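Participant: Please read through the structure below; I'll follow up with questions.
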Amino acid sequence: MISRLRLQPADVGMGMTSQRVRDRLIERLRGNGIVDERVLNAIRTVPRHQFVDEALATRAYEDTALPIGHGQTISQPWVVAKMTEALLESAPKKVLEIGTGSGYQGAVLAALGLEVFTVERIGELLRIARKRFRALGLHVRSKHDDGRIGWPEEGPFDGIIVTAAAPALVEALSAQLAPGGTLVAPVGGASGQNLLRLRKDAEGNIEQADLGPVVFVPLLSGMTDR
Ligand code: SAH
């Protein structure tokens, strides 16, 4: 599945972006409870250093969030792994991401062979993320919009991943979740956020679980170019 990626020499990396350094991150994720080999393999393969500014490339395989401009961040690899793992549990085909940001999470999902739709409210971030998807040969559908409305024309989705925190779960998004689907989203405010997992059964009943504390940038309303 990971073979969908079209890797160039710069994607393969060297020094602090080399395979050896990336493998260290994978071992760290394993040590912190990530068990799904498909997820570990996708994170090993997708060149995270291509999703941050060149000046930060040497830090790309540290398990930390990094700034991507506009006051936003590329999520910490462990968080990306955890959310992806939770999403894969319901064997999704079609998934929606809210908050494209750098494009990294979307690229990980696409590398896993999923049909990915992603929404970003900051035009400039989306333009850069689209270039990255294209360069890696990844097919990701994206739109510039306020992701709090989801993507109703393309729904329902087997999986929905929200990568910015809202004070409460967004109704419009859980409404676009297909029966049997899973939604993962950070919920909370300045006093703390938790990663919530919502599962919708065949009858449409919703079961909620708390996957633990996380730190995300806020889910904001409206859209902007920069
Ligand atoms: N998934 C991203 C994480 C980016 S941080 C990655 O892998 O890099 C969260 C992103 O959510 C930011 O880019 C921010 O602009 C975006 N965001 C915040 N509120 C949003 C909204 N209402 N709709 C769409 N995107 C939003």
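The values are calculated or read from the model by the stated rules, or taken from the named source; none is laboratory data. None of these values were measured; they are calculated from a predicted model. When we count neighbours, we look across all protein chains shown, and the Cβ atoms used for this are built from the backbone with ideal geometry, even at glycine. Side chains are part of the model used for accessible areas, which takes the heavy atoms of the whole protein and leaves out ligands, DNA and RNA. Shrake-Rupley method; radii C 1.70, N 1.55, O 1.52, S 1.80 Å.
Participant: Between GLU153 and MET14, what is the label-point separation in nm under the 7 Å Cα-to-beta-carbon projection?
Facilitator: In this crude label model, MET14 to GLU153 measures out at 4.5 nm.
Participant: Let me ask you something else. Going by average Cβ neighbours within 10 Å, how do the peptides 65-78, 159-172 rank, with the highest at the top? Can you show the working numbers first?
Facilitator: Values: 65-78: 18.3, 159-172: 20.1.
The packing order, highest mean first, is 159-172, 65-78.
Participant: Let me ask something else about it. Given a Förster distance of 22 Å, report the FRET efficiency between SER191 and ASP63 from their Cβ-Cβ distance, rounded to the nearest 0.05. Spell out each step's value before the answer.
Facilitator: Details: r = 24 Å, r/R0 = 1.11.
After rounding to 0.05, the efficiency reads 0.35.
Participant: Related question: For the chain, what are the DSSP H helices with axial Cα length of 15 Å or more and mean Kyte-Doolittle hydropathy of at least -0.5? List each step's numbers first, then the result.
Facilitator: Numbers: long enough: 19-31 (18 Å, -1.32); 77-88 (16 Å, 0.91); 123-135 (18 Å, -0.56).
Long hydrophobic helices here: 77-88.
Participant: Continuing with this model, one more query. Which whole-Hz ³J(HN,Hα) couplings does segment 12-17 yield from phi under the Karplus relation 6.51 cos²θ - 1.76 cosθ + 1.60, θ = phi - 60°, glycine and proline marked x?
Facilitator: 5, x, 7, x, 6, 10
Participant: Let me ask another. Give the dimensionless ratio obtained when the Cα radius of gyration of the chain is divided by 2.2 N^0.38 Å. Write down the numbers at each step before the final one.
Facilitator: Details: Rg = 16.2 Å, N = 226, 2.2 N^0.38 = 17.3 Å.
Cα Rg divided by the expected 2.2 N^0.38 Å: 0.94.
Participant: Something else now. Roughly how far apart, in whole Å, are the Cα centres of segment 1-69 and segment 89-156?
Facilitator: 19
Participant: Round to a whole number: what % of the accessible area of segment 106-220 belongs to carbon and sulfur, probe 1.4 Å?
Facilitator: Ligands and nucleic acids excluded, carbon and sulfur give 53 percent.
Participant: If each of ASP145 and ALA168 carries a label point 7 Å out from its Cα toward its Cβ, how far apart are those two points in nm?
Facilitator: With each label point 7 Å from Cα toward Cβ, the separation is 2.3 nm.
Participant: Rounded to the nearest whole Å², what accessible area per residue is found for the chain with the 1.4 Å probe? Mind dumping the intermediate values first?
Facilitator: Working: 10180 Å² over 226 residues.
Dividing the accessible area of the chain by its residue count gives 45 Å².
Participant: What is the Cα radius of gyration of segment 128-201 over 2.2 N^0.38 Å, N being its residue count? Walk me through the numbers before you get to the answer.
Facilitator: On the way: Rg = 13.8 Å, N = 74, 2.2 N^0.38 = 11.3 Å.
Normalised Cα radius of gyration, segment 128-201: 1.22.
Participant: Sticking with this one: For a quick protection proxy, order the peptides 111-119, 217-225 by their average other-Cβ count within 10 Å, most packed first. Spell out each step's value before the answer.
Facilitator: On the way: 111-119: 22.2, 217-225: 13.9.
Ranked from most to least packed, the peptides come out as 111-119, 217-225.
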